[in-house]
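Following: one structure in structure tokens, then a few remarks.
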Amino acid sequence: MSLSTIEMAYDDLGSGPAVVLLHGYPFDRSMWREQIDFLNANGFRAIAPDLRGLGENRFDGEIATMDNMARDVAALMDELRIDQAVISGLSMGSYVAFELVRLFPSRVPSRVRALVLAGARAQGADEAERKSREEKAQDVLSSGIAPFVEAMLPDLLAPKTLAEKPAVVARVREMILRTDPRGAAAAQRGMAARRDYSGDLSDVNVPTLIIAGREDAVRKPDDAEFIHHGIRNSRLEVIDDAGHLMNMEQSEIFNRLLTDFVELID
Ligand code: MLT
């Protein structure tokens, strides 16, 4: 589809109440395959876009901000005539979800019916994180993403996944390898510039499910606890033998948590 500033690729499958699935970095909408199927089978419409610069979503700018990614998602929802949806974001997708909550506070009905935050973190980037992200952006621009993939996998996946789920490992590897270096660099810079969402947590007034992978080395269960304490109406679930890509690693458990949660929302 065409939007004013970017070409946005997305899946829009099934019918029923809408659930928008926002992927992490450096991934794409294909990471939600199992969730899309399960949501559809349980009477939900699932919309999964590729975020700015990632997957099939081409973007030539130097920085893809979380704010712009959220505006792209809002424009897509308008295009698809979706007033309200459960917004589910994993990691970078959770930053975009926080932006969606913040951007349209006075809209009635709110675009965000409920939130699912997986592998999430509310705190913003400090100086060291910003520097490291800029170095990573430069590295990926000069060398491509392939030299970095094998070193990323042990951070992204739980030991059990690495040892026992070769199909998941292969899917994650292929997904990362498909990432356009310019999009990867732009997203790194966008994440470096992201807001600190800690102060926004007490304003979140929609039902919220927080999911953490017990073995997540990127966004630890402590990050999830922090969000849980900040959001009044929230529930926290920690999945065993799951790392950062918990929805792919333990898809049956993740699907059940997600679907039980959305089924309870009236
Ligand atoms: C992600 O999975 O989206 C990234 O790990 C997010 C980040 O680097 O902060």
Once the dipole of the range 17-153 is set up with Lys and Arg at +1 and Asp and Glu at -1 on Cβ about the Cα centre, which of 38, 27, 95 lies farthest towards its positive end? 38
Compactness relative to 2.2 N^0.38 Å, alpha carbon Rg of the range 161-253: 1.27
Cβ neighbours within 10 Å, averaged per peptide: list 92-98, 253-259 in order, most packed at the top. 92-98, 253-259
Distance (nanometres) between label positions extended 7 Å along Cα→Cβ at residue 33 and residue 127: 4.5
How big is D, in µm² s⁻¹, for the range 1-135 by Stokes-Einstein at 20 °C and 1.002 mPa s if Rh is the Kirkwood radius over C-alpha pairs? 142
One checks the Cα atoms of the range 112-160 and finds Rg and Dmax, in Å, of 14.8, 41
How many percent of DSSP beta bridges within the chain run antiparallel, rounded to 5? 20
Whole-number D in µm²/s for the range 73-156 (Stokes-Einstein; Kirkwood sum over Cα pairs; 10 °C, 1.306 mPa s): 104
Under 5 Å between amide hydrogens, which residues at least 5 positions from residue 64 or on another chain qualify, with H placed 1.01 Å from N in the peptide plane? 187, 189, 190
Compute the distribution of all C-alpha to C-alpha distances in the chain, in bins of 5 Å from 0, and list the percent of pairs in each, rounded to whole numbers. 1, 6, 14, 19, 21, 19, 13, 6, 1, 0
Give me the distance between the Cα centres of the range 38-117 and the range 146-160, rounded to whole Å. 26
Hydrophobic long helices for the chain, i.e. whole DSSP H runs reaching 18 angstrom or more by Cα along the axis with Kyte-Doolittle mean at least 0.0, come out as 251-264
Quick one: compute the contact order of the range 8-132, relative version, from alpha carbon pairs under 8 angstrom and 6+ residues apart, as a percent. 26
How large is ³J(HN,Hα), in whole Hz, for each residue of the range 8-19 in order, when computed from phi with the Karplus curve 6.51 cos²θ - 1.76 cosθ + 1.60 and θ = phi - 60°, using x for Gly and Pro? 10, 9, 7, 9, 9, 10, x, 9, x, x, 8, 10
Can you give the relative contact order of the chain as a percent, counting alpha carbon pairs under 8 Å and 6+ residues apart? 22
Spelling it out for residue 209: with amide H atoms placed in the peptide plane at 1.01 Å from N, the residues 5 or more places away or on another chain with amide H under 5 Å from its amide H are 115, 116, 117, 235
Enumerate the amide H contacts of residue 239 below 5 Å, restricted to partners 5 or more residues apart or on another chain; note that Pro and chain-start residues carry no placed amide H. 212, 213, 214
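We did not get these values from a lab; they are worked out from the coordinates using the rules stated. As the structure is a computational prediction, the values presented were derived from the model and not from experiment. Please note: Cβ atoms are built from the backbone with ideal geometry, for glycine as well, and neighbour counts cover all protein chains shown.
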